[in-house]
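Have a look at the structure below before the remarks.
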């Protein structure tokens with residue numbers, strides 16, 4: 001028993017030493033593993049002509065340290081390209097040749113592509129909070145972007161620079177020209193279609209033609225902007241937001257616009273017609289989608305909002321080819337009614353502008369306070385309305401006087417009574 005206890009006491013320190021040694025080995029192994037882990041290697045700069053979209057996808061998941069490595073790799077490519085251009089210039093200075101010039105132009109184009117991708121990488125680095133100052137200083141010092149004619153020539157001749165920009169400009173102009181032609185063709189088709197509609201006014205035709213032309217051209221303008229590489233998604237979203245704000249601010253104007261559209265569709269009147277609307281009587285001189293311009297009989301111009309017209313009673317005075325003239329004439333209670341009626345019928349029948357059909361109406365209408373009134377209602381052309389009205393009125397006065405028929409007027413009788421004291 002004593003022997004076994006001694007073995008246990010002597011073995012305890014050995015177990016502790018073994019445990020410590022094992023822990024030390026594990027620590028050394030983990031440290032060695034961490035030290036042996038390979039450092040991040042640049043991937044995007046392995047192909048100098050990688051597309052900008054692919055480069056953006058490759059940079060998207062990287063950390064700031066990894067993007068820093070990518071930026072250093074692109075800087076090395078740019079430095080190499082600068083060195084090759086410098087060597088080419090040295091050779092050209094000593095022995096100029098067309099081959100060296102062509103090679104230098106090729107090197108400039110390659111450097112322009114590298115520089116563009118380098119700047120995309122720096123943008124990604126800056127977005128992650130990295131320091132890009134030293135890279136930008138190198139770009140400014142090695143390419144002299146602000147004053148270097150070589151850089152300008154590189155950009156002009158680069159397929160992704162000046163050449164591409166010129167192609168985009170040509171596409172932009174060509175798209176505008178094409179949609180200008182298309183808008184003219186479509187508006188012409190709409191004009192012919194509307195002209196065939198029965199009852200379609202000139203105002204409605206012009207409105208639809210202008211709307212179709214402008215909407216078609218506007219669509220072409222948006223497509224043309226996309227040809228320049230402009231992202232039209234924010235532009236369309238901004239148009240929607242602006243439309244909402246403008247619509248809210250211009251509620252009254254939009255109400256007039258809607259009323260004008262209803263007037264164009266239902267056509268209660270047209271230009272050149274005489275109407276009574278919103279308490280105003282005049283000839284329609286002009287009409288827009290928000291207002292109607294009336295010219296009064298005394299040549300005053302009145303502009304009436306379409307909302308006031310559409311929301312009120314509209315009387316189209318000259319909307320029909322013929323019109324009835326309503327007149328009233330009175331004779332005294334002591335006059336011969338048969339003779340008076342025959343006289344009125346003779347006056348109406350002999351007027352050259354009175355229509356035989358529909359037949360005029362001449363009847364005893366009412367027994368007024370001081371006269372017996374006849375209604376006289378002949379029909380005439382709308383344009384001759386006032387001529388008939390004024391001619392008949394004057395002739396009635398002359399004939400009544402000649403035939404001894406009185407034309408009563410209001411009278412008052414005063415009776416005085418004497419009161420005896």
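A quick yes/no check of all residues on (1) outside the structural domain of residue 341 (by TED's automatic domain parsing); (2) surrounded by 12 or more Cβ atoms within 10 Å (Cβ to Cβ):
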| site | (1), (2) |
| --- | --- |
| 377 | no, yes |
| 380 | no, yes |
| 385 | no, yes |
| 388 | no, yes |
| 393 | no, yes |
| 408 | yes, yes |
| 414 | yes, no |
| 418 | yes, no |
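Listed here are the residues, each with its yes/no results for (1) surrounded by 14 or more Cβ atoms within 10 Å (Cβ to Cβ); (2) touching a helix residue (DSSP H, G or I) at 6+ places or on another chain (Cβ under 7 Å); (3) without any contact (Cβ under 8 Å) to a residue 60 or more places away in the chain.
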position: 53; (1), (2), (3): no, no, yes
position: 61; (1), (2), (3): no, no, yes
position: 68; (1), (2), (3): yes, yes, no
position: 77; (1), (2), (3): yes, yes, yes
position: 81; (1), (2), (3): yes, yes, yes
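The set of residues in region 99-122 that are surrounded by 15 or more Cβ atoms within 10 Å (Cβ to Cβ) and out of contact with any helix residue (DSSP H, G or I) (no Cβ under 8 Å at 6 or more places or on another chain) contains only 113. Restricting attention to region 147-180, the residues being at pLDDT 80 or above and surrounded by 13 or more Cβ atoms within 10 Å (Cβ to Cβ) number 8.
To keep it simple, each residue is scored yes or no on (1) in a loop (DSSP other than H, G, I, E, B); (2) at pLDDT 85 or above.
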{"residue": "182", "(1), (2)": "no, yes"}
{"residue": "188", "(1), (2)": "no, yes"}
{"residue": "197", "(1), (2)": "yes, no"}
{"residue": "222", "(1), (2)": "no, no"}
{"residue": "229", "(1), (2)": "yes, no"}
{"residue": "235", "(1), (2)": "no, no"}
{"residue": "246", "(1), (2)": "no, no"}
{"residue": "259", "(1), (2)": "no, yes"}
{"residue": "268", "(1), (2)": "yes, yes"}
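Residues of region 275-318 being under 21 Å from residue 206 (Cα atoms) and out of contact with any strand residue (DSSP E or B) (no Cβ under 8 Å at 6 or more places or on another chain), which ones? Step through it out loud before you land on a result.
Narrowing region 275-318 to residues under 21 Å from residue 206 (Cα atoms): 283-294, 303-307, 309-310.
Residues satisfying the conditions are 288, 289, 307, 310.
Counting the residues of region 284-323 that are surrounded by fewer than 17 Cβ atoms within 10 Å (Cβ to Cβ) and assigned to a strand (DSSP E or B) gives 11.
The values are calculated or read from the model by the stated rules, or taken from the named source; none is laboratory data. Note that the coordinates shown come from a computational prediction; the quantities given were computed from them, not determined experimentally. Methodologically, a virtual Cβ is constructed for each residue, glycine included, from the backbone with ideal geometry; neighbour enumeration extends over all protein chains shown.
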